[in-house]
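Here is the structure we will look at.
The values are calculated or read from the model by the stated rules, or taken from the named source; none is laboratory data. Remember, it's a predicted structure, so these values are computed and weren't measured experimentally. Positions of Cβ are backbone-derived with ideal geometry, glycine not excepted, and every protein chain shown enters the neighbour counts.
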Amino acid sequence: MKTIVVPGEKLSSETRFNTYKDNGETFSLVCGVFSENDKGGKIVPIKEKYIPKIDDQIIGVVSEPKYGGAVIDINSPYSAFLPTKREYKHYEIISASVMEVDETNNPKLGYEKLLTGGEVISVAPEKIPRIIGKNNSMIDAIRNGTGCMIMVGRNGRIFIANGDIEKAKQTIKRVEKEAHKSGLTDEITKFLGEKQ
């Protein structure tokens, strides 16, 4: 069973992340969805900021071209730097990998690719695993149902090109909103089939 919890709310089972202990009891640190099974409980925060991790694929926007690189907005409190010989312009969109993260969480990017001819939408970063789905099941269903090329960034940005972009955006926003529901992949596949 899933329930919404708020910071300071006492939890009925042992939960390791997004919690704190007081007098031997466990309390939620965040506003999130709490679920439990025979192995304990889990809290998925309803809204969190993107914290860069090595090997993350991200979608970024050039915020400041510089000599020898560019500062990239990665939808995070932290600034990313892309060292490159290519001269980027303000507001160009790229995909890239997080290569390094320093002690203050500022990442260095690499393996960038310029993205053109599409649109970028933003979703809550914590909903990205649900939008991708197990073994890419959800994102593949959306790609197949819309004919779009879709690149998903771990930082909560999604680049969509070709195909029915409006249908893809509508579907992704629905998955973001209904991420807590079980059987959602089947629902989305059926929804996209009806929209053909």
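Among all residues of region 102-117, there is at least one that is farther than 22 Å from Y50 by Cα and free of Cβ contacts under 8 Å to residues at least 60 places away in the same chain. Go through (1) touching a residue at least 12 places away in the same chain (Cβ under 8 Å); (2) part of a strand (DSSP E or B); (3) out of contact with any strand residue (DSSP E or B) (no Cβ under 6 Å at 6 or more places or on another chain) for K21 and report which single condition fails. With (1) touching a residue at least 12 places away in the same chain (Cβ under 8 Å); (2) part of a strand (DSSP E or B); (3) out of contact with any strand residue (DSSP E or B) (no Cβ under 6 Å at 6 or more places or on another chain) applied to K21, the lone miss is (1). Against the test of being in a loop (DSSP other than H, G, I, E, B) and either buried (at least 20 other Cβ atoms within 10 Å of the Cβ) or out of contact with any Cys (no Cβ under 9 Å at 6 or more places or on another chain) (or both), the options N136, N155, N144 yield a single qualifying residue, N155.
Here is a check on your reading of the model: is Y78 on the phi < 0 side of the Ramachandran plot, modelled with pLDDT under 95 and not assigned by TED's automatic domain parsing to the domain that holds A161? For Y78, the condition - on the phi < 0 side of the Ramachandran plot, modelled with pLDDT under 95 and not assigned by TED's automatic domain parsing to the domain that holds A161 - is met. In this structure, I172 qualifies as within 14 Å of I132 (Cα to Cα) and among the β-branched types (V, I, T). Just one of (1) in contact (Cβ under 8 Å) with a residue 24 or more places away in the chain; (2) under 23 Å from the mean Cα position of the chain (by Cα); (3) crowded, with 18+ Cβ neighbours inside 10 Å; (4) more than 14 Å from M99 (Cα to Cα) fails for A80. It is (4).
Within the option set I94, I72, I131, I51, being outside any strand (DSSP E or B), outside the structural domain of I172 (by TED's automatic domain parsing) and either surrounded by 13 or more Cβ atoms within 10 Å (Cβ to Cβ) or aliphatic (A, V, I, L, M) (or both) holds for one residue only, I51.
Within region 21-34, restricting attention to residues that are small (G, A, S) and crowded, with 16+ Cβ neighbours inside 10 Å, the residue that is modelled with the lowest pLDDT is G32.
This table checks each residue for (1) in a helix (DSSP H, G or I); (2) in contact (Cβ under 8 Å) with a residue 60 or more places away in the chain; (3) farther than 21 Å from I59 by Cβ.
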site	(1), (2), (3)
I160	no, no, no
Q170	yes, no, no
H180	no, yes, yes
T185	yes, no, yes
T189	yes, no, yes
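Within region 6-15, none of the residues are on the phi > 0 side of the Ramachandran plot, surrounded by 11 or more Cβ atoms within 10 Å (Cβ to Cβ) and assigned to a loop (DSSP other than H, G, I, E, B). Can you spot a residue in region 29-48 that is more than 30 Å from K181 (Cα to Cα) and either out of contact with any strand residue (DSSP E or B) (no Cβ under 9 Å at 6 or more places or on another chain) or hydrophobic (A, V, I, L, M, F, W, C) (or both)? Scanning region 29-48 turns up no residue that is more than 30 Å from K181 (Cα to Cα) and either out of contact with any strand residue (DSSP E or B) (no Cβ under 9 Å at 6 or more places or on another chain) or hydrophobic (A, V, I, L, M, F, W, C) (or both). On the stretch given as region 142-196, residues that are of a type in the set (G, A, S) and in contact with a Pro (Cβ under 8 Å, 6 or more places away or on another chain) total 1.
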